[in-house]
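Quick notes on the structure that follows.
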Amino acid sequence: MSEVSRGTEETGFVEFRRKIRAAEVLSAAMQRLLSDIHFNGKVSVIIQNGQVLKSGYEEGYFRHHSAT
């Protein structure tokens, strides 16, 4: 493996680890949607070989706003 390629791969992996630690695994659009619907559950994503293999969610509590 060339040094340039190895450096790029290492930089990418460092960025990947940073995003995982910072919980930046969801797109901004998805985060806005979850916030808009007041979702308080659990979202899980399984990635294998760089592709999404499976995703799902467990329902949490939804805060219902009363119409006044």
Among residues of region 40-61 being farther than 29 Å from Phe13 by Cα and in contact with a Phe, Trp or Tyr (Cβ under 7 Å, 6 or more places away or on another chain), the residue modelled with the highest pLDDT is Asn40
If we scan region 38-55, do we find a residue that is in a helix (DSSP H, G or I) and surrounded by 10 or more Cβ atoms within 10 Å (Cβ to Cβ)?
no
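The values are calculated or read from the model by the stated rules, or taken from the named source; none is laboratory data. Predicted, not measured: the structure shown is a model, and the values here were computed from it. Positions of Cβ are generated from backbone atoms using ideal geometry, with glycine treated the same way; all protein chains shown enter the neighbour counts.
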